[in-house]
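A short worksheet on the structure shown next.
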Amino acid sequence: MVGLHKTEITPPRWLLAELTYACPLQCPYCANPLEYEKYKNELSTEEWVRVLTEARKMGAVQLGFSGGEPLVRKDLPILVEKARELGYYTNLITSGYNLTEEKIISLKEAGLDHIQISIQASSEELNDYIAGTESFQEKKEVARLIKKQGYPMVLCVVIHRLNIHQMEDILEMAIELGADYVELANTQYNGWALLNRDMLLPTRAQFEEAEAIAHRYQEKLRGKMKIYYVVPDYYEGRPKACMNGWGTTFLTITPDGQALPCHSARELPNLDCPSIREMSVREAWEESDAFNKFRGLEWMKEPCRSCPDKEKDFGGCRCQAYLMSGDATNTDPACDKSPQHQNILQAIEEAGRYTSGDTAAKPLVFRNSKNSKQYL
């Protein structure tokens, strides 16, 4: 397979442009860094144009505008227009908050190909609680406006213990909104989600019931709506091929210009992530220590090194390995072959104590500036 050795570096295909960490929502599972408040020096419009141009010349074809909330950036239509000029397929990954019909029309005229909006729950009360912002009715209206302007309705709902009991209602809501694609994304436990894991991680029984409902709707709506159900790492027994392999496909650029092999790589200690303010995108991708650290297979130790699946899952997630075992070179503890798999089982057991009422509930820590400053 091409790209399995550091001498076979493949170009990035998917560029995630995290335009800003600013966001009007306060979701307790946000993947942004806990200390996001310290990253204030955002790339300028001109710097983003250079990033888009250099990555496209290298071969990137898919471009996601993300955040935080990318709509906060006033230059978003300019960047969309430049991306269209360069030949990207563009996707706006947004909460939908403050996305007016006028803005949708402006972005469509600029050449935006795709809009994905998120809704936190199927009921107004729970959605607004999780988001930390009164947004439910506005999100549903935005979903309708997206359809009105000729875009496919792409809906993302992050699944966790607070909303997993609403699985059927969430899918009925998707039908009501005329969704064409629905992503039911079980929470990945890094960033703010890891901080809140004891209160967010569902039990295996809750997960299995929700999965059965999702599969039932997949059959029921076959040919009418595509439903993607992302199985949670903690219950799968095998790790996912994180980022399709480190430094092979995905490139993330943060609001302040760091180039990352994945959007959570800032959590790894001693990973000297390059800044595109100091080098080109090509130099960051091909030459930096950060992108070469786990590129290929040579870095692996046992049991990954002799595992027949190593060319499929690449040892799993490096961030999860570090967060769950303290060593980013370990096998992802989500894998039941990992010597650290017990750490996952312990996390499930600990979270289960809160679900069963054996332990008093913890307060959720919402993603906002006040809480972020505690981690500076």
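The values are calculated or read from the model by the stated rules, or taken from the named source; none is laboratory data. Since we're looking at a predicted model, the values are computed, not measured. Cβ sites come from the backbone with ideal geometry, for glycine too, and all protein chains shown count toward neighbours. Remember, those area values only see protein heavy atoms, side chains included, never the ligands or the DNA or RNA. Shrake-Rupley method; radii C 1.70, N 1.55, O 1.52, S 1.80 Å.
The figures follow:
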quantity	calculated
Options A214, A284, A205; residue that is open to solvent by less than 20 Å² (accessible area, probe 1.4 Å), among the small types (G, A, S), assigned to a helix (DSSP H, G or I) and out of contact with any Pro (no Cβ under 7 Å at 6 or more places or on another chain)	A214
Scan of segment 94-143 for residues that are of a type in the set (V, I, T), open to solvent by less than 30 Å² (accessible area, probe 1.4 Å) and in a helix (DSSP H, G or I), ordered by number	I104, I130, V142
Lone unmet requirement of (1) of a type in the set (D, E, K, R); (2) modelled with pLDDT of 95 or more; (3) open to solvent by less than 70 Å² (accessible area, probe 1.4 Å) for D233	(2)
Boolean, G352 is touching a Cys at 6+ places or on another chain (Cβ under 8 Å), at pLDDT below 95 and surrounded by 12 or more Cβ atoms within 10 Å (Cβ to Cβ)	no
Test result for D256, surrounded by fewer than 23 Cβ atoms within 10 Å (Cβ to Cβ), at pLDDT 95 or above and assigned to a loop (DSSP other than H, G, I, E, B)	yes
The one condition in (1) open to solvent by less than 20 Å² (accessible area, probe 1.4 Å); (2) under 30 Å from Y39 (Cβ atoms); (3) modelled with pLDDT of 95 or more that V182 fails to fulfil	(2)
Of the criteria (1) crowded, with 22+ Cβ neighbours inside 10 Å; (2) at negative phi, which one G191 fails	(2)
When residues of segment 356-370 are limited to those that are outside any loop (DSSP other than H, G, I, E, B) and without any contact (Cβ under 8 Å) to a residue 24 or more places away in the chain, the one farthest from L201 (Cα to Cα)	K370
In segment 326-349, the residues that are free of Cβ contacts under 8 Å to residues at least 24 places away in the same chain, assigned to a helix (DSSP H, G or I) and either β-branched (V, I, T) or open to solvent by less than 40 Å² (accessible area, probe 1.4 Å) (or both)	H341
Candidate set from segment 217-234 (those that are of a type outside the set (K, R), without any contact (Cβ under 8 Å) to a residue 60 or more places away in the chain and assigned to a helix (DSSP H, G or I)); member that is nearest to E283 (Cα to Cα)	Q218
Residue that is at pLDDT 95 or above, in contact with a His (Cβ under 9 Å, 6 or more places away or on another chain), surrounded by 17 or more Cβ atoms within 10 Å (Cβ to Cβ) and part of a loop (DSSP other than H, G, I, E, B), where the choices are N32, N91	N32
Odd one out for K240 among (1) modelled with pLDDT of 95 or more; (2) within 16 Å of the chain's Cα centre (by Cα)	(1)
Residue check, M243 in a loop (DSSP other than H, G, I, E, B) and among the hydrophobic types (A, V, I, L, M, F, W, C)	no
Residue within segment 46-65 that is at pLDDT below 95 and either closer than 23 Å to A110 by Cα or of a type in the set (D, E, K, R) (or both) present	no
Tabulated pairs, segment 163-183, first free of Cβ contacts under 8 Å to residues at least 40 places away in the same chain, second part of a loop (DSSP other than H, G, I, E, B), C-beta under 8 angstrom, 6+ apart or interchain	L177/M153; G178/M153
Pair list, Cβ < 7 Å and 6+ apart or interchain, from segment 130-152 residues that are touching a residue at least 60 places away in the same chain (Cβ under 8 Å) to residues that are open to solvent by 20 Å² or more (accessible area, probe 1.4 Å) and part of a helix (DSSP H, G or I)	S135/D128
Pairs with Cβ under 9 Å, 6+ apart, first in segment 270-291 and closer than 19 Å to T45 by Cα, second small (G, A, S) and not in a loop (DSSP other than H, G, I, E, B)	S275/A259; S275/A284; I276/A259; I276/A284; E278/A284; M279/A259; V281/A55; V281/A259
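Yes or no, residue by residue, for (1) hydrophobic (A, V, I, L, M, F, W, C); (2) in contact with a Pro (Cβ under 9 Å, 6 or more places away or on another chain):
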position: P308; (1), (2): no, no
position: E311; (1), (2): no, no
position: C317; (1), (2): yes, yes
position: D332; (1), (2): no, yes
position: P339; (1), (2): no, yes
position: A360; (1), (2): yes, no
position: F366; (1), (2): yes, yes
